Every structure is written in structure tokens, then in C-alpha cells.
Amino acid sequence: MPADEATKVDPSRRALLVAGLAAAGGAAIAAGTARSQTAPDPMAGHDMSAMSTDPYAAPMSGMAHGNMTTVGRVDHAGNGFDPSSMLTDWYTGTTELLPDGRTLRTFEVSAIDREIEIAPGIVFPAWTFNGRVPGPALRAKEGEKLRIIFRNYGSHPHSMHFHGIHSARMDGVPGAGLIGPGEEFVYEFDAKPFGCHLYHCHALPLKRHMHKGMYGLFVIDPDPARQADPALATVAASRLFGSPENANWQELAMVMNAFDTNFDGGNEVYAVNTVGQAYMNVPIRIDKTRPVRIYLVNVTEFDPINSFHLHANFFDYYDTGTQLTPTLRTVDLIMQCQAQRGILEFSFSDHEDGMYMFHAHQSEFTELGWVGMFDVRGPEA
């Protein structure tokens, strides 16, 4: 077999996925023609009232198998993490007051080898932080002193490299925080700059450690007191976790990732927060009266670019999240290379209730798992 052919994904698998997509499309067309085209029908093709209590037991009307390309259910309990819970599961660690009045925030993170189910029946041998992929979404406040106690219970050398500002000895590279199995290292640095960041293992080979699951969100909230402009102080307060201003926002943590299940250098499953089709099976409930903020990071290996597209709406984008004014305004799609990240802000306040799709705008990524739905309704619906 020619070398270039050896790196291609099994065509029979792609054919199966395309057939599933065609079946879904045909069912949606048939369902749509039975409905009135003159009156708004926000649930057309996505009638949640026809759905069983178990979203995997019966498909949504107009959607094959309840999603596009997979059949069955992933055992989230067996995985030890649930993509729906991951959206809002911020790890804030423990805090104590230092003699100088500053806050010391401590996190404990362990490297653990474990198998995870990334799509129904597809198990991947992962290297994890705290037993999950992505690792815990760490969240701190600008100006705090951070302490991360890292223990390696895995079978290979690992580290934690933080995208932020710190000393060279805390960089998580060989000689500066890279540790072997059974060892421990304590990273300490100040929380700066504020923004949407990430952490990942920086052991060699980098592509193997990244692809195997060793990455996670690392968010530093801005300190409103550091803003001289009152308008920017208000924006900063809206991002500060636990503040009254922040409570009005619906904040979601999303990590775009993918998995090479046959280790041929090309991905077979794409996702947000690891499980393909997770947010098609269980759409993300959105209260249309409250704005939405997404902390988005791309950690996809083997593909140079990933993307996020929002259907029927537009958003403001803060590249890296280190500014309090948007770097892009009123867009419906952004691209990110690996390790690029940003904050998306948008609202459905003027929209009809309904199911609104979001996905990568590389069509193949969508068909192979990176697609989901926002279930948009009023607070009483």
C-alpha cells in the first residue's frame, strides 16, 4: 500500500457516517414538509416534547438516532465525567489569606492513565489530568498567588505548562517542572494576565502528550478594582466568578478536541469536551433572557485549524480574553489554531424558542462528532 494511502482513514467508516448523515437529512426533509411553512414553528424538526426521558432511548423527530452519525450512548459514569456537567464545572481550588493580604489559591492535579469512551463503543487509551479529558477547568482571579500541586501517577514523564506569565523555573518543561512517574512538583506564580488561557503537558513527544488528553482550560478573571475606567470595571465585574454581575451570565467552558483512534496520524472522532455528538444527544439549555459567554480553546492535534460557527446568531469575540473590549464584533464564525483561545459573547433575547445549532465549519469535523444544539427557551418554559 502506498505510504500516502496508509495514513487515510478507513473509507468504510467514512461511508457509514455519510450514509447516517443522509438518512438524517432525508428524515428531516420528510418531517419539514408535513409542517406549515407560513407560521413560525421554532421546534420544527426538533420537537423535544416527543423525546423520551432518556434522550438516547428514542430519536428526536427529524433526526436519525437522536444525532447525526452515532448510535447508542456513552457511559458518562464509567468515564467519570459528563460533557454536560463539564460546561459549568469550574475548579476554583482552596484559598487562604497570606500575611501581605493577598489570596493564595491552591489546586491539586494528578496525571492518571485511563481508558475513556469518546463515542458509543469507541474506547481511547488516554493520559489525563485528574482522570478526565479535558482536565479540570482551573479558575482564579487576577493578582492572586497560585500554587498547583502536581503529582504524576501515570506511566510516563509529565508536566503542566501554563499559558500565562511566570518564571522559567515554573515553565513545565524539562528541568523546570517535568517529573517522572511517582514524583511531585509544586508550581507557584502570580495569576496574570487575566484572560482565557490553557495548560497542557510539555513532555516529548509533544504531539503524543497533547493528543492523548493532557490539556485543560485555565481562566484568570480580571480584577475590577484594577480598571480606571468605570465602564471597563463593570465589564470586568461581569467576568469575575461569583460576583453579582457575573451571576447574570450563562458561562460555558468548551474545549475543542479530537482523537486518532487508530494512531495513523489522522483524527476519526471530533468533539467539544471529548464526547462526539454529546450536545446533540443532550442539547445545552439556554435561558434566552440572559446573555451567554463561552470560554473556548482549541487543542486539536493533527489538524492545523479548528473553528466555531453559531447558527442564526452572531457574537462578539475577545481573542485570548486579555482585553475588555471585543477584538471582533458581530461575527458568526471564528478560527483557532492549536492553543489559540478566546471568549465569545452573545444573546438569544430576540429569538424565537427553538433548537439552534453550533459546530465546526469544517464539514468533516461536524460529521465526525463536533456539533451540538442550544435549546433556547424563556426561563419559565
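Those residues that are open to solvent by 30 Å² or more (accessible area, probe 1.4 Å) and in contact with a strand residue (DSSP E or B) (Cβ under 6 Å, 6 or more places away or on another chain), I need them from region 241-260; list them, please.
Within region 241-260, Phe241, Trp249 qualify.
Restricting the first residue to region 311-335 and requiring it to be among the charged types (D, E, K, R), which pairs with a second residue that is not in a strand (DSSP E or B) meet a Cβ separation below 7 Å and a spacing of at least six or different chains?
Qualifying pairs under 7 Å: Asp316/Pro326; Asp319/Thr327; Asp332/Asn313; Asp332/Phe314.
Kindly evaluate Lys207 against the criterion of being within 30 Å of Ala233 (Cα to Cα), open to solvent by 10 Å² or more (accessible area, probe 1.4 Å) and not small (Gly, Ala, Ser).
Taking the combined requirement at face value, the residue does not satisfy it.
Listed here are the residues, each with its yes/no results for (1) closer than 30 Å to Ile165 by Cβ; (2) of a type in the set (Gly, Ala, Ser); (3) modelled with pLDDT under 95.
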site	(1), (2), (3)
Ala271	no, yes, no
Val275	no, no, no
Glu301	yes, no, no
Ala339	yes, yes, no
Trp370	no, no, no
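Every residue in region 198-228 that is in contact with a Phe, Trp or Tyr (Cβ under 8 Å, 6 or more places away or on another chain) and over 26 Å from Thr322 (Cα atoms), please.
Within region 198-228, Lys207, His209, His211, Lys212 qualify.
The conditions are (1) at pLDDT below 95; (2) closer than 30 Å to Thr103 by Cα, and Glu251 fails exactly one of them. Which is it?
That leaves (1) as the condition not met.
So which pairs qualify, if the first residue must be in region 195-213 and of a type in the set (Lys, Arg), the second must be not in a helix (DSSP H, G or I), the Cβ gap must be under 6 Å, and the two must be at least 6 apart or on different chains?
Lys207/Glu301; Lys212/Ala126; Lys212/Trp127
Out of the strands (runs of 3 or more DSSP E) lying entirely within region 83-147, which hold 3 or more residues that are crowded, with 16+ Cβ neighbours inside 10 Å and assigned by TED's automatic domain parsing to the domain that holds Tyr199?
103-119, 122-129, 137-141
Restricting attention to region 208-241, which residues are within 22 Å of Ile284 (Cβ to Cβ) and part of a loop (DSSP other than H, G, I, E, B)?
Correct list: Phe241 only.
The values are calculated or read from the model by the stated rules, or taken from the named source; none is laboratory data. If you're wondering where the values come from, they're calculated on a predicted model, not measured in any experiment. Using ideal geometry, Cβ is built from the backbone for each residue, glycine included, and neighbour counts are taken over all protein chains shown. These accessible areas exclude ligands, DNA and RNA; they are computed on the full protein's heavy atoms, side chains included. Shrake-Rupley method; radii C 1.70, N 1.55, O 1.52, S 1.80 Å.
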